[in-house]
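Before any comments, here is the structure.
FYI, it's all coordinate maths here, none of it is from the lab. These numbers were taken from a predicted model, which means no experiment stands behind them. Quick reminder, even Gly has a Cβ in these numbers, built from the backbone with ideal geometry, and neighbours come from all protein chains shown.
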There are 2 protein chains.
Amino acid sequence: MALRHALLAALLDRELSGYQLTKLFDLGVSSFWHAAAQQLYVELAKLEADGLLTGHEVVQQGRPNKRVFRLTDTGLEELTRFTLSTNKPTSIRDDLLVKAYAAAAADPVKLAEQLEQRSAQSRAKAEYLAEQLAKLLGGRSEHEYLTTADNIGPYLAGMRGRMYEEEQANWCAWAAAALRGRMT
Amino acid sequence: MALRHALLAALLDRELSGYQLTKLFDLGVSSFWHAAAQQLYVELAKLEADGLLTGHEVVQQGRPNKRVFRLTDTGLEELTRFTLSTNKPTSIRDDLLVKAYAAAAADPVKLAEQLEQRSAQSRAKAEYLAEQLAKLLGGRSEHEYLTTADNIGPYLAGMRGRMYEEEQANWCAWAAAALRGRMT
DNA sequence: CTACACATGTAAGCAGTTACATGATTTT
DNA sequence: AAAATCATGTAACTGCTTACATGTGTAG
């Protein structure tokens, strides 16, 4: 299992719809757990069938209706069990880094352009995450938040995501400059 | 395809055996491309069958023999084509980060212990990568190396790996401290 | 009346995981 | 004589990717 626990974690203390989860996994969680939108719906159905989640129809005005999911007691137990299990090896797969590794086989300018584009994307993602983190703090100092808030999980993980995207942006810009600096 | 191009990149200007590649993917490349040892052998066989690599038996004394692989012209062309292709979305999957997200469902001490353990592992990996990078420089300044070396790819990618592991180590230590700081 | 955001799925195919399997050589 | 490192695979299963499919409501 895999995506399973990421979904349970995302639903730990709130109800979210499949669509809201696709947004979360695209923007907020993608720096440490990747999942395609279609797969989320498939996995949500399985989790409901397995009794780890329950879905509830929510009628909306001005929008299509949606189904929100909530953790069951069994789901919470399963999540707790997961936190005690041994970690599977971290899996990272990034085409752009492989391309950087293969720089000698690439057109330096084309590669630099890709790096600069990614740098901008990562910078934007880092800024988005910084905003989300500030919202969580809600004016409190980090120390106060970390010692008093109920659930600091999203803040902890969000910080890692922000760091990751920031460093990615910096590295991409540096690598692009290095490649451009080699042009005659 | 996927692992395919990571292997071609690793063999860009050198011959390596399957076993040497497992070590490289475990230590040097794991921060941006994950692959299990078994899968490498499977993929190497496919790449050879497809004519992108050629394998040569190397008789060794004091060790079992090995087969080293070399890029063919077709393989190099394929790698160059890859550097121009559109990137698939970066895929990251890290159990430990999901556990951090689910902190509220976890035993704080047990989670902190896992984070501290990972911090040490990442620190060690960062140091190993720093050594490898220093070897590549071979006494030269970074600027000199980047402007004059033949193939700067492994240096560029290695730097990203070092940054990643260092930041991971820092974050894990910080997150563990935050969790421990909440204990009465 | 077109484009965009919201909203949710199904189905085929395969890349990658998990488990199993083997053997040489050096070091302790 | 055991443990560690070197060295290379096979086979079953499945989680995930890729491609396809559909429909509502808002904004320009």
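To the nearest 10 degrees, how steep is helix B:108-137 against the longest Cα principal axis of chain B, on a 0 to 90 scale?
With both axes taken from Cα atoms, the answer is about 40 degrees.
Is the shape of segment A:3-84 rounded, prolate or oblate, going by the alpha carbon gyration tensor and its root eigenvalues a ≥ b ≥ c, with a/c under 1.5 for rounded and a/b larger than b/c for prolate? Please list the in-between numbers first.
On the way: a/c = 1.91, a/b = 1.24, b/c = 1.54.
Verdict is oblate for segment A:3-84.
If you place +1 on the Cβ of every Lys and Arg, -1 on the Cβ of every Asp and Glu, and leave all else neutral, what size is the dipole of segment B:3-84 about its Cα centre, to the nearest 20 Debye?
With Lys and Arg at +1 and Asp and Glu at -1, about 260 debye.
Say a label goes 7 Å from Cα toward Cβ at A:MET183 in every copy; what distances in nm does this one have to the rest, shortest first?
Listed shortest first, these distances are 5.6 nm.
What is the helix-to-structure angle for A:153-180, meaning the angle in degrees between its Cα long axis and the longest Cα principal axis of chain A, kept from 0 to 90 and rounded to the nearest 10?
Roughly 20 degrees between the two axes.
Just to check I understand the Karplus step: with θ = phi - 60° and J = 6.51 cos²θ - 1.76 cosθ + 1.60, what whole-Hz values come out for segment A:73-86, glycine and proline as x?
4, 4, x, 5, 4, 4, 5, 4, 4, 4, 5, 9, 7, 6
Once the piece of chain linking B:THR80 and B:LYS135 is laid out straight, how much longer is it, given 0.36 nm per residue of separation minus the C-alpha distance between them? Intermediate values should be presented prior to the final figure.
Numbers: separation 55, 0.36 × 55 = 19.80 nm, distance 2.66 nm.
Contour length minus the Cα-Cα distance gives 17.1 nm.
Could you give, in nm with one decimal, how far B:ARG14 is from each other copy of that position, shortest first, with labels 7 Å out from Cα toward Cβ?
4.7
If you put +1 on each Lys and Arg Cβ and -1 on each Asp and Glu Cβ, how big is the dipole of the protein assembly as shown around its Cα centre, in Debye rounded to 20?
Dipole size: approximately 100 debye.
Evaluate peptide A:2-11: per residue, the Cβ atoms of other protein chains within 10 Å of its Cβ; return the mean as an integer. Before the final figure, lay out the partial values.
Working: counts 3, 2, 1, 5, 7, 1, 4, 10, 3, 1.
Per residue, the average neighbour count from other chains is 4.
Can you find, among A:ASN151, A:ALA104, A:ALA120, the residue farthest towards the positive end of the dipole of chain A? Put +1 on the C-beta of Lys and Arg, -1 on that of Asp and Glu.
A:ALA104
Give the distance, in whole Å, between the Cα centre of segment B:55-110 and the Cα centre of segment A:131-184.
25 Å
Taking other Cβ within 10 Å of each residue's Cβ, how do A:HIS143, B:HIS34 sort, fewest first?
So the residues, fewest neighbours to most, are A:HIS143, B:HIS34.
With a/c under 1.5 counting as rounded, go ahead and sort chain A into rounded, prolate or oblate using the C-alpha gyration tensor (a ≥ b ≥ c being the square roots of the eigenvalues; past the cut-off, prolate if a/b is larger than b/c, else oblate).
Prolate, because a/c is 1.5 or more and a/b exceeds b/c.
So how much slack lies between A:GLN61 and A:GLN38, counting 0.36 nm per residue of separation and subtracting their Cα-Cα distance, in nm?
5.8 nm
Residue farthest toward the positive end of the dipole of segment A:12-57, with Cβ of Lys/Arg at +1 and Asp/Glu at -1: which of A:ALA49, A:LEU27, A:SER17?
A:LEU27
Is there a pair in A:LYS23/A:LYS99; A:LYS66/A:LYS125; A:LYS23/B:LYS88; A:LYS46/A:LYS125; A:LYS23/B:LYS125; A:LYS110/B:LYS125 whose C-alpha atoms are over 21 Å apart, and which pairs would that be?
Distance filter (> 21 Å) returns A:LYS23/A:LYS99; A:LYS66/A:LYS125; A:LYS46/A:LYS125; A:LYS23/B:LYS125; A:LYS110/B:LYS125.
Please enumerate, by chain and number, the aspartates and glutamates with C-alpha under 16 Å from the C-alpha of A:LYS135, excluding those fewer than 8 residues away in the same chain.
Straight-line reach from A:LYS135, under 16 Å: A:GLU127, A:GLU144, A:ASP150.
Only four residue types carry charge here, +1 at the Cβ of Lys and Arg and -1 at the Cβ of Asp and Glu. Report the dipole size of segment A:17-142 about the Cα centre in Debye, rounded to the nearest 20.
Roughly 180 debye, rounded to the nearest 20.
Label-to-label distances across copies for B:ASP150, with labels 7 Å out along Cα→Cβ, in nm, shortest first?
List, nearest first: 6.2 nm.
Between B:ASN151 and B:GLU15, what is the label-point separation in nm under the 7 Å Cα-to-beta-carbon projection?
Roughly 1.4 nm, to one decimal.
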